[in-house]
Amino acid sequence: AEERREIERVHELARLEEENARQRREKLERYEEMLRNIYEAMGISDVDELVEEYYKREELIFSKVQHENIQNDEIQQLEREIQALNKEKAMEAEQNSEVVLKDEMADIQSKIKSVDKQIEACQSICKEQKRELDELKEEI
């Protein structure tokens, strides 16, 4: 009986080991298929070249994300400046006569228009860079 249990245990271990080996083979086949798909999509068949291309793209994406963050910071700063100008405009409106107020309002509106143009330019750049970033992400 003891010998029979030992044989059954050895058979079970062998079965588990076979199952484990089968699972590892299937996993390896999936990885190989993924790698073939990457090679095909990238048009590259050398692992070292693929890794190098990956790092180049990763650096490019990183720099674009950094640039986008800088652009967003600039937009936020410009928006704060607009808020400050609007507050300034409101305070001056209370303190100045109607004639002086009209002149200063024109100046502030000109500044706001200038800042608005800067924001539009920054937003346009951000949109373009986001589009490029999305394209790079899709390529990877």
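The values are calculated or read from the model by the stated rules, or taken from the named source; none is laboratory data. Worth saying up front: this structure is predicted, and the values here are computed from it rather than measured. Here the Cβ is made from the backbone with ideal geometry for all residues, glycine too, and neighbour counts use every protein chain on show. SASA here: full protein model, heavy atoms, side chains in, ligands and nucleic acids out. Shrake-Rupley method; radii C 1.70, N 1.55, O 1.52, S 1.80 Å.
Laid out as a table, the results:
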{"read-out": "At R0 = 22 Å, FRET efficiency that the Cβ-Cβ distance of residue 59 and residue 129 yields, to 0.05", "value": "0.90"}
{"read-out": "The chain: relative contact order in percent, alpha carbon pairs under 8 Å with at least 6 residues between", "value": "34 percent"}
{"read-out": "Greater than 23 Å apart at Cα, pairs in 87/111; 87/117; 89/127", "value": "89/127"}
{"read-out": "Folded to 0 to 90 degrees: helix 98-139 orientation relative to the chain principal axis, Cα", "value": "20 degrees"}
{"read-out": "Residue order for 45, 63 - accessible surface, 1.4 angstrom probe, largest first", "value": "45, 63"}
{"read-out": "Residue-normalised accessible area of the chain, given per residue in Å² at a 1.4 Å probe", "value": "81 Å²"}
{"read-out": "Residues residue 38 and residue 16, FRET efficiency given R0 of 25 Å [Cβ-Cβ distance, rounded to 0.05]", "value": "0.15"}
{"read-out": "Residue 93-residue 6 pseudo-label distance in nm [points 7 Å out on the Cα-to-Cβ vector]", "value": "9.7 nm"}
{"read-out": "Tilt relative to the chain, helix 2-42 - C-alpha long axis, 0 to 90 degrees, to 10", "value": "40 degrees"}
{"read-out": "For the range 62-69, 3J(HN,Hα) per residue [Karplus equation, 6.51 cos²θ - 1.76 cosθ + 1.60, θ = phi - 60°, Hz, x = Gly/Pro]", "value": "4, 5, 5, 5, 4, 4, 4, 5"}
{"read-out": "The chain - percent of accessible surface contributed by carbon and sulfur, probe 1.4 Å", "value": "51 percent"}
{"read-out": "Environment charge of residue 11, counting only residues whose C-beta is closer than 12 Å and scoring Lys/Arg +1, Asp/Glu -1", "value": "-1"}
{"read-out": "The range 57-99 versus the range 115-140: alpha-carbon centroid distance in Å", "value": "17 Å"}
{"read-out": "Gained length - residue 81 relative to residue 120, 0.36 nm times residue gap less alpha-carbon distance", "value": "12.6 nm"}
{"read-out": "Calculated over the range 59-140: convex hull of Cα atoms, volume per residue (Å³)", "value": "61 Å³"}
